[in-house]
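The values are calculated or read from the model by the stated rules, or taken from the named source; none is laboratory data. Predicted model only: the values in this text are computed from it and were never measured. Each accessible area value is taken on the protein alone, full model and side chains, heavy atoms only, with ligands, DNA and RNA left out. Shrake-Rupley method; radii C 1.70, N 1.55, O 1.52, S 1.80 Å.
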Amino acid sequence: MKKQIVVVGAVIVREGSILCARRGPAGALPGMWEFPGGKIEAGETPPEALRREIEEELDCAIEVGEPITTTSHEYDFGVVTLTTYYATLVAGQPTTSEHAELRWLAPSELPTLEWAPADIPAVELIRAGFAA
């Protein structure tokens, strides 16, 4: 059986733009775009994990809002189950330590990036939500 990996992602919205993060050259899915976040550790709720991961990865603080969607995608290295949440910045500005690049994009521009497969359903829902 493949390894099960449960992760959370933050769809950080600022003035109508969404924060997108490009994975670095090392590790899984190099160069692909994702919503920043990470694995849930034992004893954490998804929002707690998301706040911790954003603080660690982007050196800023967020308020976690409504969940967007949960998707599972099977990769070579395991099955990733990703839950994305809307989030807003409450302190600091995102800085990249783990990602190759950060970009603020309008929802309509999200499809121009090469997204990690697990993130694609959220991209579609966000685009549809902002288009409504």
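Take every DSSP beta bridge whose two residues both sit in the chain; close to 70 percent of them are antiparallel.
Taking all protein chains together, THR71, THR95, THR112 sort by accessible area into THR112, THR95, THR71, largest first [probe 1.4 Å].
For VAL79, the amide hydrogen comes within under 5 Å of the amide hydrogens of LYS3, GLN4, ILE5, counting only partners 5 or more places away or on other chains and with H modelled in the peptide plane.
Percent of Cα-Cα pairs more than 13 Å apart in the stretch 1-54, please. Cα-Cα pairs of the stretch 1-54 separated by over 13 Å account for 66 percent. The H on the amide N of GLY65, modeled in the peptide plane, is under 5 Å from the matching H of TYR86, ALA87, THR88, each at least 5 residues off or on a different chain. SER72 sits with roughly 80 Å² accessible to a 1.4 Å probe, with DNA, RNA and ligands left out of the calculation. Heavy-atom accessible surface of the chain, averaged per residue, reaches 52 Å², computed with a 1.4 Å probe. Surface composition of the chain: carbon and sulfur atoms hold 52% of the protein heavy-atom accessible area at a 1.4 Å probe.
Ranking GLU53, GLU124, GLU15 from most to least accessible surface, computed with a 1.4 Å probe over the protein chains only, gives GLU15, GLU124, GLU53.
Residues whose amide H lies under 5 Å from that of TRP115, counting only those 5 or more places away or on a different chain, are TRP33; hydrogens are built 1.01 Å from N in the peptide plane. Comparing GLY43, GLY24, GLY65 in a Gaussian network model of the chain where C-alpha atoms under 10 Å apart are linked, the largest mean-square fluctuation is found at GLY43.
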